[in-house]
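Since every read-out is calculated from the coordinates, none of them should be taken as a lab result. The shown structure was predicted, so the numbers you read here are calculated from the model rather than taken from an experiment. Don't worry about glycine lacking a Cβ; one is built from the backbone with ideal geometry, like all the others, and counts go over all protein chains shown.
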Amino acid sequence: MKKKLIKLIIISLPIFIGFLIYLVFRSKSLFYFNIFRLLGLEPSILLLREYASTHRGLFPTWTVYSLPDGLWLLSFGLSIYFSSRRYFFNLFIFTSITIFMIYFESFQKEYGGHGTVIGTYDIKDIYCYLASFFILFLLFIKKLIFKKKNTEENSSFLSDILSLIKIIIIFSTLAVLPTLLGKSFLL
């Protein structure tokens, strides 16, 4: 149980930091703010944003606009990493997702733009994706090299696939939430 809690904290920490960046530095028209308004937390959030705005100059622009994407991918990759002991397969899945994200960012260069649902191209987003990929790649490679030869798989391949599908659905939802405009949904 303690190992599961530690894994959950490790997976959650990057996404939580990214969420905090959105919370204190990004637009108030995001979907999250409707939830805070409905829960009666808006005054506290606005106070936190006001305090954070006095320190905004300490953070380079990329930490506000690109780092959350990299943290999301890092958290996503950690979820895949911890989902089973099929490290080679999981590395393949994570590499595929990273390539897709880089492709999608490049797609934004041609078809996106400020204020569009597709998003705005930024090379720094790609750098953050690559940094997250590199960190996870090293973890996967370490496990592949030092994995014990006679380890038994604890679960079937089908259950591992179902677990990956669940992770992909959860993280895809988390990726879409910030792009939803708040006024068009809950209010």
Checklist entry - With a sphere of radius 13 Å drawn around the Cβ of residue 73, what net charge do the other residues whose Cβ falls strictly inside it have (Lys, Arg +1; Asp, Glu -1)? => result -3
Checklist entry - Taking the radius of gyration and the Kirkwood hydrodynamic radius from Cα positions alone, what is the Rg/Rh ratio for the chain, to two decimal places? => result 1.01
Checklist entry - So if R0 is 25 Å, what FRET efficiency would residue 120 and residue 38 give, r being the distance between their Cβ atoms, rounded to the nearest 0.05? => result 0.35
Checklist entry - For the chain, what is the charge dipole size about the Cα centre, in debye to the nearest 20, if Lys and Arg each add +1 at the Cβ and Asp and Glu each add -1 at the Cβ? => result 720 debye
Item to check | Bins of 10 Å from zero: percent of alpha-carbon pairs in the stretch 77-142 | outcome: 22, 42, 25, 11, 0
Checklist entry - Roughly what angle does helix 2-25 make with the longest principal axis of the chain, taking Cα atoms, 0 to 90 degrees, to the nearest 10? => result 30 degrees
Checklist entry - Based on DSSP H runs of at least 4 residues, each adding -39500 (n - 2.57), what is the mean residue ellipticity at 222 nm of the chain after dividing by all its residues, to the nearest 500 deg cm²/dmol? => result -24000 deg cm²/dmol
Checklist entry - Once you list every other residue whose beta carbon is under 12 Å from the beta carbon of residue 24, what net charge do they have if Lys and Arg are +1 and Asp and Glu are -1? => result +3
Item to check | Relative contact order of the chain, defined on C-alpha pairs under 8 angstrom at six or more residues apart (%) | outcome: 32 percent
Item to check | Simple spin-label estimate for residue 85 and residue 13 in nanometres, 7 Å along Cα-Cβ | outcome: 2.5 nm
Next on the checklist: Students often forget the sequence filter, so: which lysines lie under 20 Å Cα-Cα from residue 143 once same-chain residues fewer than 8 apart are removed?
Outcome noted: 3, 4, 7
Next on the checklist: Around residue 172, under 14 Å between beta carbons, what's the net of Lys plus Arg minus Asp minus Glu among the other residues?
Outcome noted: 0
